1. Please give the contour-minus-distance gain from Ala182 to Phe37: 0.36 nm per residue of separation, less the Cα-Cα distance, rounded to one decimal in nm.
2. Please enumerate, by chain and number, the aspartates and glutamates with C-alpha under 20 Å from the C-alpha of Lys273, excluding those fewer than 8 residues away in the same chain.
3. How many nm separate the modelled label positions at Thr223 and Ser59, each set 7 Å beyond the Cα in the direction of the Cβ?
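Derivation of every value follows stated rules applied to the coordinates shown; laboratory data play no part. Since this is a predicted model, take the numbers as computed values, not measurements. Ideal geometry is used to build each Cβ from the backbone, glycine not excepted, and the neighbour counts take in all protein chains shown.
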Amino acid sequence: MPLEAHQQSRVGERSGAVHYPSRWSKSVRHWQKVSPFNPYWLDRRCLRHSVEALAPEASGVLLDVGSSETPYREIFERHVRHYVGMEYPPAVLDKQPDMWDLLYNVHHLLNLLGDGRRIPIRTNSVDTVLCTEVLEHVPDPMPMVHEMARVLKPGGKLLVTVPFVQPLHELPSDFHRFTPPALHHYAEEAGLVVESIVPRGNFASACGAMLSQWIIRTIGTKTHQTDGSVVLSRWRSVPLLPFTAIIQAGFLLASKFTHDDTVCHGYSLIAVKPGEAD
Ligand SMILES: C[S@@+](CC[C@H](N)C(=O)[O-])C[C@H]1O[C@@H](n2cnc3c(N)ncnc32)[C@H](O)[C@@H]1O
């Protein structure tokens with residue numbers, strides 16, 4: 001079934017923490033990526049920039065653990081020989097029973113099925129492990145970090161992003177938010193050497209992102225879903241968008257002139273498996 005037909009058959013379209021009515025979904029999706037008129041723009045912009053900053057660290061064979069729709073495949077394929085997207089069916093099916101068709105049968109986006117806590121790959125076999133915005137969704141992140149370290153070759157790199165200030169999402173499987181010492185602890189316990197832990201955005205940009213999301217979720221929303229997402233009311237949300245755009249642009253500007261990052265959107269970790277590379 002073509003992707004569009006599949007999407008049209010669905011009652012509503014989920015995007016991040018928002019459900020949009022389905023006939024809007026295609027244009028909204030494009031617009032979401034590029035425009036500050038999307039109330040989630042500032043948050044996503046910071047995330048994308050932090051992922052782009054990780055990409056030059058990748059090499060050889062890359063395993064993307066919990067890849068979902070592999071949103072960063074294009075960014076990383078420029079740097080690696082082979083990109084492998086891995087998803088865990090129970091995690092997907094719990095959230096959206098119709099997601100599996102979209103990911104696997106229709107889109108052919110995934111290369112591997114498996115649980116990040118028991119990765120079906122040999123020890124010391126990949127050059128890079130990428131894991132973006134996944135660790136908060138596992139009840140105990142340590143076994144997953146151990147597994148990611150196990151499959152890395154000596155000299156291989158673990159590239160992780162995690163949230164710090166983010167609304168609850170994908171409930172009931174949203175278990176954690178992370179600090180730099182926690183990331184240090186997980187990496188070192190797994191036998192990795194931390195190269196860097198970098199905040200994404202700072203206090204100002206996180207405030208702008210949260211204020212924008214709060215306004216749209218409080219005033220512009222028709223229904224609050226049990227998974228933490230909301231269904232927007234077209235009539236109440238659209239008039240708010242110029243305000244959330246100004247707020248996000250203003251706080252982004254403020255973030256360029258202020259440097260307090262004790263609050264931020266999240267963190268990127270780069271950690272290396274000790275030993276000689278091939
Ligand atoms: C917020 S999404 C992030 C998806 C993608 N990495 C990204 O950055 O857009 C979290 C993903 O983690 C996956 N996940 C949750 N538990 C997992 C597990 N035990 N093993 C592998 N993936 C898992 C979910 O299926 C979901 O696709």
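1. 48.8 nm
2. Filter leaves Glu57, Asp64, Asp127, Glu147, Glu188, Glu189, Glu195.
3. The answer from the label model is 5.1 nm.
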